[in-house]
Amino acid sequence: MLHPDQAAEVQSDVIEWRRHLHRNPELLYDVHQTAGFVAEKLATFGCDLIETGIGKTGVVAIIKGSLGEGPVVGLRADLDALPILENSGKPWTSNFPGKSHSCGHDGHTAMLLGAARHLAETRRFRGAVAVIFQPAEEGGAGALAMVEDGLMEKFKIEQVYGMHNEPKLPIGHFAIRKGGILASADTFEILVQGRGSHAGQPHLSIDPVVAAAHVIVGLQTVVSRETDPLQAVVITVASIHGGDTHNVIPNAVRLTGTVRTLRSDLRDFGERRLKEVAQCIATAHGATASITYDRGYPVTFNHDRETDFAVAAATSIVGPAAVCAGADPRMAAEDFSYMLEARPGAFIIIGNGDTAGLHNPAYDFNDEAIPYGISYWVSLTETVLAA
Ligand SMILES: [Zn+2]
Ligand SMILES: [Zn+2]
(Lines give C-alpha, C1' and ligand atoms only; values in the text may rest on other atoms or scores of the structure.)
(Ligands and ions follow the chains in the order given, each with its own letter.)
Protein backbone atom coordinates (compact mmCIF):
# COMPACT_ATOMS: atom_id res chain seq x y z
CA MET A 1 0.00 0.00 0.00
CA LEU A 2 1.26 3.47 -0.86
CA HIS A 3 -1.01 6.21 0.38
CA PRO A 4 -1.28 9.31 -1.86
CA ASP A 5 0.22 11.46 0.94
CA GLN A 6 3.26 9.19 1.12
CA ALA A 7 3.51 9.10 -2.67
CA ALA A 8 3.51 12.91 -2.79
CA GLU A 9 6.32 12.98 -0.25
CA VAL A 10 8.65 10.37 -1.70
CA GLN A 11 7.85 10.94 -5.37
CA SER A 12 8.10 14.71 -5.74
CA ASP A 13 10.59 14.29 -8.59
CA VAL A 14 7.86 12.69 -10.73
CA ILE A 15 6.51 16.22 -11.24
CA GLU A 16 9.87 17.17 -12.78
CA TRP A 17 9.68 14.16 -15.10
CA ARG A 18 6.16 15.14 -16.11
CA ARG A 19 7.17 18.71 -16.90
CA HIS A 20 10.22 17.53 -18.84
CA LEU A 21 7.95 15.34 -20.97
CA HIS A 22 5.51 18.22 -21.33
CA ARG A 23 8.23 20.51 -22.69
CA ASN A 24 9.27 17.88 -25.23
CA PRO A 25 6.14 16.46 -26.88
CA GLU A 26 6.38 13.99 -29.75
CA LEU A 27 3.69 12.69 -32.10
CA LEU A 28 2.37 9.25 -33.00
CA TYR A 29 5.16 6.67 -33.43
CA ASP A 30 7.85 9.34 -33.49
CA VAL A 31 8.32 9.21 -29.72
CA HIS A 32 12.02 8.31 -29.72
CA GLN A 33 13.13 10.88 -27.13
CA THR A 34 10.19 10.10 -24.87
CA ALA A 35 10.70 6.32 -25.13
CA GLY A 36 14.43 6.85 -24.50
CA PHE A 37 13.69 8.91 -21.38
CA VAL A 38 11.33 6.18 -20.12
CA ALA A 39 13.80 3.35 -20.80
CA GLU A 40 16.58 5.28 -19.08
CA LYS A 41 14.49 5.82 -15.95
CA LEU A 42 13.34 2.19 -15.90
CA ALA A 43 17.00 1.10 -16.01
CA THR A 44 17.80 3.12 -12.89
CA PHE A 45 14.91 1.43 -11.03
CA GLY A 46 16.45 -2.03 -11.36
CA CYS A 47 13.68 -3.59 -13.44
CA ASP A 48 14.24 -7.24 -14.29
CA LEU A 49 13.89 -6.77 -18.03
CA ILE A 50 13.50 -3.75 -20.30
CA GLU A 51 12.60 -4.01 -23.98
CA THR A 52 12.27 -1.16 -26.44
CA GLY A 53 11.00 -1.05 -29.99
CA ILE A 54 7.81 -3.03 -29.38
CA GLY A 55 5.07 -1.81 -31.73
CA LYS A 56 7.77 0.39 -33.37
CA THR A 57 8.55 2.65 -30.38
CA GLY A 58 6.81 1.09 -27.37
CA VAL A 59 8.69 0.21 -24.18
CA VAL A 60 7.99 -2.65 -21.74
CA ALA A 61 9.67 -3.44 -18.42
CA ILE A 62 9.14 -6.46 -16.21
CA ILE A 63 9.26 -6.14 -12.43
CA LYS A 64 9.08 -9.42 -10.55
CA GLY A 65 7.32 -9.66 -7.19
CA SER A 66 8.94 -11.14 -4.09
CA LEU A 67 5.93 -13.14 -2.84
CA GLY A 68 6.19 -16.17 -5.09
CA GLU A 69 4.74 -17.43 -8.34
CA GLY A 70 1.85 -15.69 -10.02
CA PRO A 71 0.59 -14.24 -13.26
CA VAL A 72 1.99 -11.25 -15.15
CA VAL A 73 -0.23 -8.16 -15.02
CA GLY A 74 0.16 -5.36 -17.57
CA LEU A 75 -0.10 -1.69 -16.56
CA ARG A 76 -0.25 0.65 -19.53
CA ALA A 77 0.51 4.33 -20.19
CA ASP A 78 0.68 6.29 -23.46
CA LEU A 79 3.65 8.34 -24.68
CA ASP A 80 2.40 10.54 -27.51
CA ALA A 81 1.25 14.17 -27.75
CA LEU A 82 -1.04 16.04 -30.18
CA PRO A 83 -0.53 18.42 -33.13
CA ILE A 84 -1.97 21.35 -31.16
CA LEU A 85 -0.43 24.79 -30.53
CA GLU A 86 -0.36 25.08 -26.75
CA ASN A 87 -1.48 28.24 -24.97
CA SER A 88 -1.56 27.00 -21.37
CA GLY A 89 0.77 29.83 -20.33
CA LYS A 90 2.64 27.42 -18.04
CA PRO A 91 6.41 27.79 -17.51
CA TRP A 92 6.80 24.23 -18.86
CA THR A 93 4.90 24.98 -22.08
CA SER A 94 5.91 22.91 -25.10
CA ASN A 95 9.28 23.80 -26.64
CA PHE A 96 7.88 22.74 -30.00
CA PRO A 97 5.14 25.05 -31.31
CA GLY A 98 2.36 23.01 -32.92
CA LYS A 99 2.95 19.99 -30.67
CA SER A 100 1.67 19.65 -27.12
CA HIS A 101 0.66 17.16 -24.46
CA SER A 102 -2.98 18.30 -24.62
CA CYS A 103 -4.31 14.89 -23.59
CA GLY A 104 -2.13 14.44 -20.50
CA HIS A 105 -0.14 11.46 -21.71
CA ASP A 106 2.89 13.18 -20.13
CA GLY A 107 1.12 12.72 -16.78
CA HIS A 108 0.16 9.12 -17.54
CA THR A 109 3.76 8.26 -18.42
CA ALA A 110 5.20 10.03 -15.36
CA MET A 111 2.72 8.33 -13.01
CA LEU A 112 3.46 4.87 -14.35
CA LEU A 113 7.20 5.55 -14.03
CA GLY A 114 6.65 6.61 -10.42
CA ALA A 115 4.68 3.43 -9.78
CA ALA A 116 7.35 1.31 -11.48
CA ARG A 117 10.03 2.78 -9.24
CA HIS A 118 8.02 2.06 -6.10
CA LEU A 119 7.10 -1.46 -7.24
CA ALA A 120 10.75 -2.24 -8.07
CA GLU A 121 11.80 -1.02 -4.62
CA THR A 122 9.12 -2.85 -2.62
CA ARG A 123 8.04 -5.88 -4.69
CA ARG A 124 5.19 -6.77 -2.32
CA PHE A 125 3.32 -8.90 -4.84
CA ARG A 126 3.29 -12.32 -6.51
CA GLY A 127 4.15 -12.98 -10.13
CA ALA A 128 5.22 -9.89 -12.02
CA VAL A 129 4.03 -6.63 -13.50
CA ALA A 130 4.73 -5.53 -17.05
CA VAL A 131 4.77 -1.74 -17.31
CA ILE A 132 3.76 -0.87 -20.86
CA PHE A 133 4.47 2.49 -22.53
CA GLN A 134 2.79 2.69 -25.91
CA PRO A 135 3.21 5.09 -28.83
CA ALA A 136 0.54 6.53 -31.10
CA GLU A 137 -2.60 6.51 -28.98
CA GLU A 138 -3.85 9.63 -30.77
CA GLY A 139 -5.09 8.09 -33.99
CA GLY A 140 -2.22 5.74 -34.75
CA ALA A 141 -3.44 2.59 -32.97
CA GLY A 142 -0.14 2.13 -31.15
CA ALA A 143 -1.77 -0.30 -28.73
CA LEU A 144 -2.75 -2.52 -31.66
CA ALA A 145 0.79 -2.29 -33.04
CA MET A 146 2.15 -3.54 -29.70
CA VAL A 147 -0.43 -6.35 -29.50
CA GLU A 148 0.39 -7.40 -33.09
CA ASP A 149 4.06 -7.31 -32.19
CA GLY A 150 3.38 -10.08 -29.65
CA LEU A 151 3.17 -7.96 -26.49
CA MET A 152 0.85 -10.32 -24.61
CA GLU A 153 2.54 -13.60 -25.58
CA LYS A 154 6.11 -12.40 -25.27
CA PHE A 155 5.69 -11.16 -21.70
CA LYS A 156 2.99 -13.74 -20.77
CA ILE A 157 0.60 -10.96 -19.79
CA GLU A 158 -2.69 -12.34 -18.42
CA GLN A 159 -4.53 -9.15 -17.46
CA VAL A 160 -4.09 -5.56 -18.55
CA TYR A 161 -5.07 -2.23 -16.99
CA GLY A 162 -5.21 1.33 -18.30
CA MET A 163 -5.91 4.81 -16.91
CA HIS A 164 -6.82 8.23 -18.35
CA ASN A 165 -7.22 11.59 -16.69
CA GLU A 166 -10.44 13.58 -17.03
CA PRO A 167 -10.82 17.34 -16.51
CA LYS A 168 -13.63 18.43 -14.15
CA LEU A 169 -13.60 15.13 -12.27
CA PRO A 170 -12.13 16.25 -8.92
CA ILE A 171 -8.57 15.43 -7.91
CA GLY A 172 -8.48 12.19 -5.92
CA HIS A 173 -11.61 10.84 -7.59
CA PHE A 174 -11.94 7.85 -9.88
CA ALA A 175 -14.69 6.72 -12.28
CA ILE A 176 -15.14 3.32 -13.87
CA ARG A 177 -17.86 0.93 -14.98
CA LYS A 178 -18.21 -2.66 -16.10
CA GLY A 179 -18.80 -3.17 -19.82
CA GLY A 180 -18.37 -0.41 -22.39
CA ILE A 181 -16.76 2.67 -20.79
CA LEU A 182 -15.58 4.37 -23.99
CA ALA A 183 -17.10 4.17 -27.45
CA SER A 184 -16.07 2.61 -30.71
CA ALA A 185 -15.34 5.41 -33.17
CA ASP A 186 -15.80 4.70 -36.87
CA THR A 187 -15.85 7.18 -39.73
CA PHE A 188 -17.73 7.14 -43.02
CA GLU A 189 -17.95 8.98 -46.29
CA ILE A 190 -21.04 8.75 -48.48
CA LEU A 191 -20.72 9.95 -52.06
CA VAL A 192 -24.21 10.56 -53.44
CA GLN A 193 -23.79 10.50 -57.20
CA GLY A 194 -26.50 11.97 -59.40
CA ARG A 195 -26.37 13.90 -62.69
CA GLY A 196 -25.93 17.64 -62.88
CA SER A 197 -27.94 20.11 -64.94
CA HIS A 198 -29.01 23.72 -65.15
CA ALA A 199 -30.78 24.58 -61.90
CA GLY A 200 -33.75 25.85 -63.94
CA GLN A 201 -34.15 22.42 -65.56
CA PRO A 202 -34.25 20.00 -62.61
CA HIS A 203 -36.14 17.42 -64.69
CA LEU A 204 -32.96 16.93 -66.73
CA SER A 205 -30.93 16.14 -63.60
CA ILE A 206 -30.73 13.47 -60.97
CA ASP A 207 -30.41 15.93 -58.14
CA PRO A 208 -27.80 14.67 -55.61
CA VAL A 209 -28.54 17.61 -53.27
CA VAL A 210 -32.12 16.48 -52.67
CA ALA A 211 -31.09 12.80 -52.52
CA ALA A 212 -28.34 13.63 -49.99
CA ALA A 213 -30.82 15.61 -47.90
CA HIS A 214 -33.09 12.56 -47.75
CA VAL A 215 -30.15 10.34 -46.86
CA ILE A 216 -29.30 12.62 -43.93
CA VAL A 217 -32.88 12.61 -42.69
CA GLY A 218 -33.19 8.86 -43.22
CA LEU A 219 -30.11 8.19 -41.10
CA GLN A 220 -31.75 9.99 -38.16
CA THR A 221 -34.21 7.14 -37.65
CA VAL A 222 -31.62 4.34 -37.50
CA VAL A 223 -30.84 5.27 -33.91
CA SER A 224 -34.18 6.80 -32.86
CA ARG A 225 -36.43 4.00 -34.24
CA GLU A 226 -34.24 0.90 -34.51
CA THR A 227 -32.00 0.76 -31.44
CA ASP A 228 -32.91 0.22 -27.79
CA PRO A 229 -33.22 3.70 -26.26
CA LEU A 230 -31.20 2.48 -23.27
CA GLN A 231 -28.23 1.57 -25.49
CA ALA A 232 -26.05 4.40 -26.74
CA VAL A 233 -25.46 4.71 -30.47
CA VAL A 234 -24.44 7.87 -32.32
CA ILE A 235 -24.72 8.36 -36.07
CA THR A 236 -23.63 11.89 -36.91
CA VAL A 237 -23.37 13.39 -40.39
CA ALA A 238 -20.79 16.07 -39.70
CA SER A 239 -20.09 17.56 -43.12
CA ILE A 240 -21.87 18.13 -46.45
CA HIS A 241 -20.08 19.26 -49.56
CA GLY A 242 -21.66 19.66 -52.97
CA GLY A 243 -22.26 22.27 -55.59
CA ASP A 244 -20.52 25.57 -56.25
CA THR A 245 -23.16 28.09 -57.19
CA HIS A 246 -26.86 28.95 -57.14
CA ASN A 247 -27.83 28.00 -60.68
CA VAL A 248 -26.17 24.63 -61.25
CA ILE A 249 -27.31 21.26 -59.91
CA PRO A 250 -24.04 19.43 -59.18
CA ASN A 251 -23.14 15.88 -60.14
CA ALA A 252 -22.46 14.68 -56.62
CA VAL A 253 -22.63 15.50 -52.92
CA ARG A 254 -20.21 14.17 -50.34
CA LEU A 255 -21.25 13.50 -46.71
CA THR A 256 -18.90 12.51 -43.91
CA GLY A 257 -19.51 11.58 -40.31
CA THR A 258 -18.99 9.17 -37.44
CA VAL A 259 -20.68 6.12 -35.92
CA ARG A 260 -20.10 5.49 -32.20
CA THR A 261 -21.38 2.71 -29.97
CA LEU A 262 -20.67 0.99 -26.66
CA ARG A 263 -21.24 -2.60 -27.85
CA SER A 264 -19.59 -4.45 -30.68
CA ASP A 265 -22.91 -5.93 -31.93
CA LEU A 266 -24.38 -2.43 -32.15
CA ARG A 267 -21.27 -1.31 -33.99
CA ASP A 268 -21.91 -4.00 -36.62
CA PHE A 269 -25.56 -2.98 -36.73
CA GLY A 270 -24.70 0.72 -37.20
CA GLU A 271 -22.37 -0.01 -40.08
CA ARG A 272 -24.86 -2.31 -41.81
CA ARG A 273 -27.84 0.02 -41.47
CA LEU A 274 -25.88 3.13 -42.45
CA LYS A 275 -24.97 1.44 -45.72
CA GLU A 276 -28.45 0.03 -46.37
CA VAL A 277 -30.32 3.25 -45.62
CA ALA A 278 -27.96 5.47 -47.62
CA GLN A 279 -27.95 3.17 -50.63
CA CYS A 280 -31.69 2.51 -50.67
CA ILE A 281 -32.61 6.18 -50.30
CA ALA A 282 -30.16 7.20 -53.00
CA THR A 283 -31.62 4.53 -55.28
CA ALA A 284 -35.15 5.76 -54.59
CA HIS A 285 -34.05 9.12 -55.99
CA GLY A 286 -32.38 7.59 -59.05
CA ALA A 287 -28.95 8.36 -57.61
CA THR A 288 -26.28 6.06 -56.20
CA ALA A 289 -24.45 6.11 -52.89
CA SER A 290 -20.89 4.83 -52.63
CA ILE A 291 -19.85 4.40 -49.05
CA THR A 292 -16.41 4.21 -47.51
CA TYR A 293 -16.66 2.95 -43.95
CA ASP A 294 -13.48 2.94 -41.83
CA ARG A 295 -13.39 1.16 -38.53
CA GLY A 296 -11.48 3.17 -35.93
CA TYR A 297 -10.87 2.19 -32.31
CA PRO A 298 -13.20 -0.49 -30.93
CA VAL A 299 -15.32 -0.22 -27.77
CA THR A 300 -13.21 0.03 -24.61
CA PHE A 301 -14.88 -2.82 -22.78
CA ASN A 302 -14.14 -3.42 -19.09
CA HIS A 303 -14.26 -7.00 -17.84
CA ASP A 304 -16.23 -7.72 -14.66
CA ARG A 305 -13.66 -9.37 -12.42
CA GLU A 306 -10.86 -6.96 -13.36
CA THR A 307 -13.16 -3.95 -12.85
CA ASP A 308 -13.81 -5.26 -9.33
CA PHE A 309 -10.04 -5.30 -8.74
CA ALA A 310 -9.75 -1.73 -10.04
CA VAL A 311 -12.60 -0.52 -7.83
CA ALA A 312 -11.08 -2.25 -4.79
CA ALA A 313 -7.67 -0.71 -5.50
CA ALA A 314 -9.03 2.83 -5.97
CA THR A 315 -11.31 2.50 -2.92
CA SER A 316 -8.40 1.40 -0.75
CA ILE A 317 -6.58 4.69 -1.41
CA VAL A 318 -9.38 7.30 -1.59
CA GLY A 319 -12.41 5.61 0.05
CA PRO A 320 -15.72 4.60 -1.52
CA ALA A 321 -17.15 8.13 -1.73
CA ALA A 322 -14.47 9.15 -4.24
CA VAL A 323 -14.86 6.10 -6.50
CA CYS A 324 -17.79 6.05 -8.90
CA ALA A 325 -18.01 2.36 -9.80
CA GLY A 326 -21.08 2.76 -12.03
CA ALA A 327 -19.97 5.79 -14.02
CA ASP A 328 -21.72 6.80 -17.20
CA PRO A 329 -19.78 5.77 -20.28
CA ARG A 330 -18.06 8.43 -22.37
CA MET A 331 -18.52 8.58 -26.17
CA ALA A 332 -14.82 9.34 -26.69
CA ALA A 333 -12.56 6.51 -27.88
CA GLU A 334 -9.25 5.01 -26.74
CA ASP A 335 -6.94 2.50 -28.34
CA PHE A 336 -6.41 0.68 -25.03
CA SER A 337 -9.55 -1.05 -26.33
CA TYR A 338 -7.28 -3.25 -28.49
CA MET A 339 -5.43 -4.48 -25.40
CA LEU A 340 -8.77 -5.25 -23.73
CA GLU A 341 -9.73 -7.29 -26.80
CA ALA A 342 -6.53 -9.31 -26.34
CA ARG A 343 -6.69 -9.82 -22.56
CA PRO A 344 -9.21 -9.19 -19.76
CA GLY A 345 -8.68 -5.97 -17.88
CA ALA A 346 -10.11 -2.60 -16.91
CA PHE A 347 -9.72 1.04 -17.82
CA ILE A 348 -10.21 3.66 -15.10
CA ILE A 349 -10.70 7.43 -15.27
CA ILE A 350 -8.76 9.60 -12.79
CA GLY A 351 -9.77 13.13 -11.84
CA ASN A 352 -7.71 15.98 -13.30
CA GLY A 353 -9.55 18.67 -11.33
CA ASP A 354 -10.53 22.06 -12.65
CA THR A 355 -8.49 22.30 -15.87
CA ALA A 356 -9.23 23.00 -19.52
CA GLY A 357 -10.68 20.07 -21.45
CA LEU A 358 -8.70 17.36 -23.22
CA HIS A 359 -7.37 18.36 -26.67
CA ASN A 360 -7.87 22.03 -25.75
CA PRO A 361 -4.86 24.35 -26.40
CA ALA A 362 -5.10 25.60 -22.78
CA TYR A 363 -5.06 22.11 -21.26
CA ASP A 364 -2.28 21.01 -18.93
CA PHE A 365 -2.11 17.80 -16.92
CA ASN A 366 -2.68 18.54 -13.22
CA ASP A 367 0.34 17.49 -11.16
CA GLU A 368 -1.89 17.18 -8.09
CA ALA A 369 -3.24 13.96 -9.65
CA ILE A 370 0.20 12.33 -9.67
CA PRO A 371 0.21 10.87 -6.12
CA TYR A 372 -3.25 9.37 -6.75
CA GLY A 373 -2.21 7.79 -10.03
CA ILE A 374 0.95 6.30 -8.54
CA SER A 375 -0.94 5.00 -5.49
CA TYR A 376 -3.61 3.49 -7.72
CA TRP A 377 -1.09 1.51 -9.77
CA VAL A 378 0.69 0.28 -6.65
CA SER A 379 -2.55 -0.61 -4.89
CA LEU A 380 -3.89 -2.33 -8.01
CA THR A 381 -0.74 -4.46 -8.32
CA GLU A 382 -0.83 -5.44 -4.66
CA THR A 383 -4.58 -6.22 -4.95
CA VAL A 384 -4.48 -8.31 -8.12
CA LEU A 385 -1.24 -10.04 -7.13
CA ALA A 386 -1.87 -10.38 -3.39
CA ALA A 387 -0.12 -13.33 -1.72
ZN1 LIG B 1 -6.51 12.35 -26.61
ZN1 LIG C 1 -5.49 10.55 -24.25
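The values are calculated or read from the model by the stated rules, or taken from the named source; none is laboratory data. In this text, all values refer to a predicted model and were calculated from it rather than measured experimentally. Quick reminder, even Gly has a Cβ in these numbers, built from the backbone with ideal geometry, and neighbours come from all protein chains shown. Heavy atoms of the whole protein, side chains included, go into the accessibility calculation; ligands, DNA and RNA do not. Shrake-Rupley method; radii C 1.70, N 1.55, O 1.52, S 1.80 Å.
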Open item on the list: Restricting to the range 222-262, give me the number of residues that are in contact with a Phe, Trp or Tyr (Cβ under 8 Å, 6 or more places away or on another chain) and among the small types (Gly, Ala, Ser).
Closed with: 1
- [ ] List the number of the failed condition for Thr109; all other conditions in (1) more than 16 Å from ligand 1 (Cβ to nearest atom); (2) under 11 Å from Val131 (Cα atoms); (3) touching a residue at least 60 places away in the same chain (Cβ under 8 Å) hold.
- [x] (1)
Open item on the list: Just checking, does the range 54-72 include any residue being closer than 21 Å to Glu306 by Cα, within 16 Å of ligand 2 (Cβ to nearest atom) and among the hydrophobic types (A, V, I, L, M, F, W, C)?
Closed with: no
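Of the residues that make up the range 356-363, is at least one open to solvent by less than 10 Å² (accessible area, probe 1.4 Å), within 16 Å of ligand 2 (Cβ to nearest atom) and under 18 Å from Gly319 (Cα atoms)?
no
Conditions (1) assigned by TED's automatic domain parsing to the domain that holds Phe365; (2) under 17 Å from Ala143 (Cβ atoms); (3) touching a residue at least 12 places away in the same chain (Cβ under 8 Å); (4) surrounded by fewer than 23 Cβ atoms within 10 Å (Cβ to Cβ), marked per residue:
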residue	(1), (2), (3), (4)
Arg19	yes, no, yes, yes
Arg23	yes, no, yes, yes
Asp30	yes, yes, yes, yes
Gln33	yes, no, no, yes
Gly46	yes, no, yes, yes
Leu49	yes, no, yes, yes
Gly53	yes, yes, no, yes
Ile62	yes, no, yes, yes
Leu67	yes, no, yes, yes
TODO: Inspect the range 340-348 for any residue being within 16 Å of ligand 2 (Cβ to nearest atom) and either surrounded by fewer than 21 Cβ atoms within 10 Å (Cβ to Cβ) or modelled with pLDDT under 95 (or both) and give the result as yes or no.
DONE: no
Open item on the list: Report every pair of residues separated by at least 6 positions or lying on different chains whose Cβ atoms are under 8 Å apart, first residue within the range 115-137 and closer than 15 Å to Glu40 by Cα and open to solvent by less than 10 Å² (accessible area, probe 1.4 Å), second within 16 Å of ligand 1 (Cβ to nearest atom) and β-branched (Val, Ile, Thr).
Closed with: Phe133/Thr109
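Each row is one residue, and each column tells you yes or no for (1) more than 18 Å from His20 (Cβ to Cβ); (2) away from ligand 1 (no atom under 14 Å from the Cβ).
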{"residue": "Gly55", "(1), (2)": "yes, yes"}
{"residue": "Ile63", "(1), (2)": "yes, yes"}
{"residue": "Lys99", "(1), (2)": "no, no"}
{"residue": "Ser102", "(1), (2)": "no, no"}
{"residue": "His118", "(1), (2)": "yes, yes"}
{"residue": "Phe125", "(1), (2)": "yes, yes"}
{"residue": "Ala141", "(1), (2)": "yes, no"}
{"residue": "Glu148", "(1), (2)": "yes, yes"}
{"residue": "Val160", "(1), (2)": "yes, yes"}
Task: Counted residues, the range 364-387 - those being modelled with pLDDT of 95 or more, open to solvent by 10 Å² or more (accessible area, probe 1.4 Å) and of a type in the set (Gly, Ala, Ser) - done: 1
- [ ] Could you please tell me which pairs satisfy a Cβ distance under 6 Å, a separation of 6+ or placement on different chains, a first residue in the range 332-350 that is in contact (Cβ under 8 Å) with a residue 60 or more places away in the chain and over 22 Å from Pro371 (Cα atoms), and a second residue that is of a type in the set (Asp, Glu) and within 16 Å of ligand 1 (Cβ to nearest atom)?
- [x] Asp335/Glu137
Open item on the list: Quick test of your reading of the structure: Thr258 fulfils all but one of (1) under 30 Å from Asp5 (Cα atoms); (2) under 21 Å from the mean Cα position of the chain (by Cα). Name the failing condition by number.
Closed with: (1)
Open item on the list: Cβ-Cβ distance below 6 Å, separation of 6 or more or different chains: which pairs start in the range 182-211 with a residue that is more than 22 Å from Thr292 (Cα to Cα) and end on one that is assigned to a strand (DSSP E or B) and not basic (Lys, Arg)?
Closed with: Leu182/Thr300; Gly196/Ile249; Ser197/Ile249; Ala199/Val248; Ala199/Ile249; Leu204/Ser197; Ser205/Ser197; Ser205/Ile249
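Counting only residues that are small (Gly, Ala, Ser) and open to solvent by less than 40 Å² (accessible area, probe 1.4 Å), which one in the range 81-108 is farthest from ligand 2 (Cβ to nearest atom)?
Restricting to residues being small (Gly, Ala, Ser) and open to solvent by less than 40 Å² (accessible area, probe 1.4 Å), the top hit is Gly98.
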Task: Failed condition for His285, given (1) away from ligand 2 (no atom under 15 Å from the Cβ); (2) more than 22 Å from Ala130 (Cβ to Cβ); (3) surrounded by 24 or more Cβ atoms within 10 Å (Cβ to Cβ); (4) not polar (S, T, N, Q) - done: (3)
